[in-house]
Structures are given as C-alpha cells and as structure tokens.
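Student: Got a structure for you, written out below as structure tokens; questions coming shortly.
The values are calculated or read from the model by the stated rules, or taken from the named source; none is laboratory data. Every value quoted in this text rests on a predicted model; they were computed, and no experiment measured them. Glycine also receives a Cβ, built like all others from the backbone with ideal geometry; neighbour counts cover every protein chain displayed.
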Amino acid sequence: MRYLFANLQELKDETKILEFVINENIQSIAEKILDENPLIIGIGVYIWNVEDVHDLVEVIKKVSPGTKVVLGGPEAGYLPHRVDLSGADYIIRGEGDMLFYTLCRSILEGNPPAERILQAPMVETDGISLPYRYYSDHDIENRYIYVEASRGCPFLCEFCLSAIDEKVRSFDLQKLLGEFETLWQRGARNFKFIDRTFNLNIKTANSLMDFFLSKEPPYFVHFEVVPDHFPKTLRERIAKFPPGALQLEVGIQTLDPAVAANINRPLKMEKIKENLHFLETETDAHMHVDLIVGLPGETLEGFARNLNELYRLTHCEIQIGILKKLSGTTLDRHDRECGMVYSDKPPYDVLETASVSFKDIQKMKRFSRFWDIIYNSGNFSGTMGLIDMDDDIFAGFFHLSEWIYTRTASTWKISIERMAKLLFDYLVSQRSYDKEEVAAVIGSDLAKVKGRAVAAFLKKPGSDTLSGVSNTPAAFNKRQKRHE
C-alpha cells in the first residue's frame, strides 16, 4: 500500500491508507472506509483475505454504488478467480505501483478506461518512488518494516508465483541504504527483506549486511535465501551477526532430486548440506527451513525421508507446509498424471494425490500443526529427544500426532500446560518411559518457557502470555540442541 501511496504524485494529499485485521466485522470495515467519503477505494487481495474482500466489496457497492472499487494483489491479479471478485469496478494485474495512479487520474478526470481488467507493465525499479518515508512512527515502533532490495526471481519453481517474473531487477543500492539509514534514525530496528532470493547478488547482499553490522545491537533482520549459494565473503559476514540479530529463511521444499526436477526446483544436495552445517555450527543465525507435503510425485514415505534427513542436518525450525495451487502457477500440468486434487476454497491446498490419500493429507495437516506447537515453538526442546524413535523422527512424531488428536479432536486452543500433560501421558503410556524421568524433562522445558516469558514481559510490558512470546526472535534466537 505504501508503494501505491508513494507513487500517487499530486493525489497523495487526497489519499489515506486504512488497515484492518482478519476477523474484524465486514460491515464495520465498510463503515469506517465509507466514513472517509472516498471516490475510489483500492484493496490488496491475498489468499488470507480474498473471501473477506468479496464480502466487503459486496457491502460497499450496495450502500455506495457510485464509489469505484479497484482490486490488486496476487489473488486479484491472476486468473482464474476462484472467489468471485466481479463486484469490483477494476482489477489491476501485475505490479500496480504506477498503473494505480494512472487509473485514479483517469477516473477522477471523467475518462475511465473501458476495459475492467488492466495489465500493468513490469516496473523498472529506478522509475518508482520508494515507500519507506510513509511508515508511521507507530509502524516503526510496533511492526517489522518490510523492505526489498530487488524484485523477481530467476528460478522456475512451479508452485511459486515469483517464478512467473523471471527478470530480477535491483533497486539503486546507495539510494536504498540512505532510506534505511533514515528509518534507523527514526528508531526502526526490525527489518524483513521480501526479496525472493537475497543471496543471488552477493555484492548487494554483502553491502546490506555491512549496513546492519555497522549498527549497535539490538536489531533484527530477516532474509530469504537459497541454500546452495554462500560464498566465503557472505559466510564471513553471517558469522559476525550477534545472537538474535539475523534470521534466515532457507527454502528447501524437498530433498528428493526426482521430485525437485519434476517441479523445476534446483537442488544441489551437497552444497545444501555443507551450507546448513555451516549455518548450524559456525553462526548465531536463527534459521527456518521449509518442507512441502503433497508435491507432485512425492510419496508420504519420501516426505518422511526428507524430514528425517533435515532433522539430522539441523536443529532449526522446520516448517511443514501443505502444497497449495495458486492461480497463475503452472502446477496444473501435473493434475492428471499425478492425480492432484485441490480445494477450490482458499488457501487452495491439496486434498489428495495419486501418491498420498486424502486421509493421509489430513493426518499430515495435524502433524504440521502439532509439529509447530511442540517442536518449532522451542517449548519442548528436551522432550523432543524422547519422541525420536530409532533415529526416525517422522515415525515417532506421526504416532504422537495421531495419539494426541484422538484425545483432543482438535489442533487449536491447546494450552502449553495441557500439551505438557498430553506429552507426559503419551510418553509414559505409549513409550513406557519412567514417570520421574519424563516429569523431569518436561518440567525443565516448562521452566525454560516461563523464563523466556518473564524475560519478554520485563522487556516489553504486555507480552506476558507463554504462547505469545515463544516464537519471537528476541525470546530465543536458535533452537536448543536436542542433547540439551
């Protein structure tokens, strides 16, 4: 939104950014928007808000039919629309930084375009105004500041919309560093880079890391990186970041070369292993890596091998996602051959494949949720060592996941205390561990969680819930080793 605002030229003085949260009452949102008496409303549409946007547009057009509604963003910009967006007056496809201004001008001047769906040309980064001065003091104090050094991605991974835009375009580095310095002087300390491949251009990556390394901690920086490209100069800089300052999102998705080739994802296994080992043993970077359930041609047994291998390679977060078929991607070419069946409702997740049944997909959704609660949260780092089954963490955790679900019939609203009790009962009744041993391990885990909660509470009043602090970068920056 701030990019759109920054490029509205003389219309900025007549424009206001309004933001709302998921689950806010739709009619209340419409009321607050229409209180501004807008002539034009622009809404960004994504997987997580597309159904709400449909309802919001419906209300707005019923009570204020003369107000023009313009939609943009990935859910509006790519066809087919699986949620009805026909109520909008205009839809912008592609990067709307400049086209949104042009459209607004034409509407206000009484010369609106005849076509409803408008294709935006690819934006050249030196031709647009940067948005960073439009982050408010409230944003800087309370949010991650989203920034980007480049747009586009050179890779062709079929499940990803970034693969559509193969041309990588970089922003002027010196101009960008000047903007970041201004943000820093205003008090910004949490920066999240949305570049699809931060370590593609090593010279730029090094310069950006030097910017933050020159600053006095505490601060937090997030980069998304490819796992096979860490030359010496980059390694040296990553190793200098203090604990809690650097987070790296490392895209893995699958460790199966045949599956990776099937979806056009590059996979250099030896480099990946080497670089994960470096990040794990020689840096204080907080990492999380990604695996996807339900990729075309991958079996549940194959996924199990992937998880077991990653678990042996690293102690970082392992995010387990369920494959989604986004409009605009080329995943549908696998539908017949691989028996791919997807939900037509957001987030368009896979329901079954020729290799993985609907029942097993459902089980893996529960597995993923419990994995987040127990492992990725870091709340039960010691207990995880008791769950591992003969060096087969997948088998051990799969059995645990199914056992917990039979007792909860839910994967949500499970307090940390209740989960601790469930883990105790499971390990004693199903794995025949000694009660005192299990109680000691789980008790130690809970003591660490409470310690983190107290530390976070003292640092930032109001953050006093256990579940609310366990995943924050400030709370802990690296997964504790399993042997601890």
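Student: Among 251, 244, which is the only one that is assigned to a loop (DSSP other than H, G, I, E, B), surrounded by fewer than 21 Cβ atoms within 10 Å (Cβ to Cβ) and touching a strand residue (DSSP E or B) at 6+ places or on another chain (Cβ under 8 Å)?
Tutor: 244
Student: Quick one: residue 283 ticks every box in (1) crowded, with 18+ Cβ neighbours inside 10 Å; (2) at pLDDT below 95 except a single one, so which number is it?
Tutor: Of the numbered conditions (1) crowded, with 18+ Cβ neighbours inside 10 Å; (2) at pLDDT below 95, the odd one out for residue 283 is (2).
Student: Hey, does segment 269-277 have a residue that's at pLDDT below 95, within 22 Å of residue 377 (Cα to Cα) and assigned to a helix (DSSP H, G or I)?
Tutor: yes
Student: Of the numbered conditions (1) of a type outside the set (Lys, Arg); (2) in the same structural domain as residue 256 (by TED's automatic domain parsing); (3) in contact with a helix residue (DSSP H, G or I) (Cβ under 9 Å, 6 or more places away or on another chain), residue 331 satisfies every one except a single condition; which is it?
Tutor: It fails just one condition, (3).
Student: Exactly one of (1) crowded, with 18+ Cβ neighbours inside 10 Å; (2) in contact (Cβ under 8 Å) with a residue 40 or more places away in the chain is unmet by residue 120. Its number?
Tutor: In the conditions (1) crowded, with 18+ Cβ neighbours inside 10 Å; (2) in contact (Cβ under 8 Å) with a residue 40 or more places away in the chain, residue 120 misses (2) alone.
Student: State whether the residues of segment 2-18 include one that is of a type outside the set (Gly, Ala, Ser), farther than 30 Å from residue 126 by Cα and not in a helix (DSSP H, G or I).
Tutor: Checked segment 2-18: no residue is of a type outside the set (Gly, Ala, Ser), farther than 30 Å from residue 126 by Cα and not in a helix (DSSP H, G or I).
Student: Same structure again: For segment 32-134, which strands (runs of 3 or more DSSP E) that fit wholly inside it have 3 or more residues that are in the same structural domain as residue 144 (by TED's automatic domain parsing), touching a strand residue (DSSP E or B) at 6+ places or on another chain (Cβ under 7 Å) and not basic (Lys, Arg)?
Tutor: none
Student: Can you find a residue in segment 12-20 that is more than 26 Å from residue 136 (Cβ to Cβ) and not assigned by TED's automatic domain parsing to the domain that holds residue 138?
Tutor: no
Student: So, one more: Restricting the search to segment 255-272, which residues are out of contact with any Gly (no Cβ under 8 Å at 6 or more places or on another chain) and surrounded by 17 or more Cβ atoms within 10 Å (Cβ to Cβ)?
Tutor: Across segment 255-272, the qualifying residues are 255, 260, 263, 265, 267, 272.
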